[in-house]
Amino acid sequence: MIIAAPLWVEIIVGVLLVVSGLFTLSSAIGIVRFQGFFQRMHPTALAYSFSAWLVTLASIVYFSAVDFSLTLHPWLIIIFLSITVPVTTIFLARTDLFRNRIAKQPEAQVPPPLSEMASPLPRKKPAHLD
């Protein structure tokens, strides 16, 4: 037997899902409008993560109201997303930064590696790079 959720629960869940969709839409618009790779990463990581939080909250509210008990299983999804999204973003950023350093494109405006900035003494190039 299917138990329907009360109207106030469906309204709350509907509002959370619509706001989540708006954040996802703003993330997609940010990807299209921004020029550089690093600028495109920012709305994706932030807006999509917040959107996922809202969907998780909506599912917790809905299934807790239908089951008449607190349902916390969806928190596992958002915990794993909260761990993996920043790590993935950092790896993607480092990959693009490394690729731009190797290509030595002047328009990329890539900062020097920290190993070159940390030492006050000039570094010698290895013999195989001369």
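Data overview
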quantity	calculated
Cβ-Cβ under 6 Å pairs, at least 6 apart or on other chains, region 14-26 side under 8 Å from Ser51 (Cβ atoms), far side aromatic (Phe, Trp, Tyr)	Phe23/Phe50
Count - residues of region 65-114 that are farther than 30 Å from Leu54 by Cβ and of a type in the set (Gly, Ala, Ser)	2
Residues that are β-branched (Val, Ile, Thr) and either farther than 29 Å from Arg40 by Cα or in a loop (DSSP other than H, G, I, E, B) (or both), drawn from region 1-25	Ile2, Ile3, Val9, Ile11, Ile12, Val13
Filter result for Ile29 (assigned to a helix (DSSP H, G or I), under 26 Å from Ala93 (Cβ atoms) and open to solvent by 70 Å² or more (accessible area, probe 1.4 Å))	yes
Any hit, region 39-47, residues being more than 17 Å from Phe80 (Cα to Cα), touching a residue at least 40 places away in the same chain (Cβ under 8 Å) and over 18 Å from the mean Cα position of the chain (by Cα)	no
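The values are calculated or read from the model by the stated rules, or taken from the named source; none is laboratory data. All of these numbers come straight from a predicted model, not from anything done at the bench. Backbone-built Cβ (ideal geometry, glycine too); neighbour counts: all protein chains shown. Please note that ligands, DNA and RNA were not included when accessible areas were found on the heavy atoms of the full protein model with its side chains. Shrake-Rupley method; radii C 1.70, N 1.55, O 1.52, S 1.80 Å.
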